Ligand SMILES: [Mn+2]
């Protein structure tokens, strides 16, 4: 059983480094800081470091630790929520003594010495919650529980995504027993700034609609500047289109300057049609109903919209 092996590795390691993907969402940060916090709840003498250069742009998270190369070389590296090696934020993970991957994305390119990959889990935080429940009688601080709960809440969009299951709710329920402040945490994660409130009005009023069922927008750099939005923050507004009865799929593309002209990154979402196969054709990927694409030309954006639209009508 893989939970056994993860526990054994943690018990046996003096130094543990925890890595996440670049441009971390709350599941990446939550699983990373939740695991670090839980290890220290139970083994305060261990050296545990959470690494990564980028800072999450939702919720409130500690800043990453800084460690030298030698410490990483001597460590057990646990990489959370990251499907492939290229996406790990801090490539020094590869130099660690032992590498353990914990993830819920499709495992196209396994890496490391051992792994727990469960694609039926709605979040990596759900896997870690199950892991902690498996480690009976362990200490779970409120902080640990809140980090993991935050990852579950955001990856499942408040337990509404198609991969939310009874097991997800069970895992969240388990965490809440350790004192999670549900309304406060929810406000920390989902309340928006006035700036964001205003930008949501822009993104709603500028939606383009294909055949009533596909809503999308391509956000120019000038608009992101005007509203003080980064590209990744802008794409996170894709959820603004997620509650329109007529929409089967919805996308937000952001413009950027590439070496040979304008390029586009996109966030793609759908209710039921599969879109990650389309994303994979265009340097992207992700979950069945939530994927991302990068570095597209303008005509590739149109191709993707056309492919999604055709799939809706299949
Ligand atoms: Mn995740």
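Annotations
- Among the residues of segment 18-56, those that are more than 14 Å from the ligand (Cβ to nearest atom) and either more than 24 Å from residue 8 (Cα to Cα) or not assigned by TED's automatic domain parsing to the domain that holds residue 86 (or both) comprise 52, 53, 54, 55.
- Segment 58-83, residues that are surrounded by 16 or more Cβ atoms within 10 Å (Cβ to Cβ) and assigned to a loop (DSSP other than H, G, I, E, B): 58, 59, 61, 64, 67, 75, 81, 82, 83
- Qualifying residues in segment 1-17 (those that are touching a residue at least 24 places away in the same chain (Cβ under 8 Å) and assigned to a loop (DSSP other than H, G, I, E, B)) - the one nearest to the ligand (Cβ to nearest atom): 13
- Some residue of segment 20-27 being assigned to a helix (DSSP H, G or I), touching a residue at least 40 places away in the same chain (Cβ under 8 Å), closer than 24 Å to residue 138 by Cβ and in contact with a helix residue (DSSP H, G or I) (Cβ under 6 Å, 6 or more places away or on another chain): yes
Results for (1) over 30 Å from residue 187 (Cβ atoms); (2) touching a strand residue (DSSP E or B) at 6+ places or on another chain (Cβ under 8 Å), shown as yes or no for each residue.
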{"residue": "10", "(1), (2)": "yes, yes"}
{"residue": "21", "(1), (2)": "no, yes"}
{"residue": "45", "(1), (2)": "yes, no"}
{"residue": "56", "(1), (2)": "no, no"}
{"residue": "74", "(1), (2)": "yes, yes"}
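- The residue of segment 110-125 that is nearest to residue 4 (Cα to Cα), among those that are within 9 Å of the ligand (Cβ to nearest atom) and free of Cβ contacts under 8 Å to residues at least 60 places away in the same chain, is 121.
- In the set 107, 167, only one residue is in a helix (DSSP H, G or I), within 16 Å of the ligand (Cβ to nearest atom), surrounded by fewer than 22 Cβ atoms within 10 Å (Cβ to Cβ) and assigned by TED's automatic domain parsing to the domain that holds residue 58; that residue is 167.
- Restricting the search to helices (runs of 4 or more DSSP H) fully inside segment 182-282 and requiring at least 3 residues that are at pLDDT 95 or above and farther than 27 Å from residue 310 by Cα gives 182-190, 194-205, 221-227.
- Qualifying residue in segment 110-125 (condition: under 18 Å from the mean Cα position of the chain (by Cα), farther than 27 Å from residue 239 by Cβ, in the same structural domain as residue 17 (by TED's automatic domain parsing) and assigned to a helix (DSSP H, G or I)): no
- Segment 84-100, residues that are touching a strand residue (DSSP E or B) at 6+ places or on another chain (Cβ under 8 Å), surrounded by fewer than 23 Cβ atoms within 10 Å (Cβ to Cβ), at negative phi and part of a loop (DSSP other than H, G, I, E, B): 89, 97
- Yes/no for residue 131 being assigned to a loop (DSSP other than H, G, I, E, B), at pLDDT 95 or above and within 16 Å of the ligand (Cβ to nearest atom): no
The values are calculated or read from the model by the stated rules, or taken from the named source; none is laboratory data. Keep in mind it's a predicted model, so treat the numbers as computed, not measured. Positions of Cβ are backbone-derived with ideal geometry, glycine not excepted, and every protein chain shown enters the neighbour counts.
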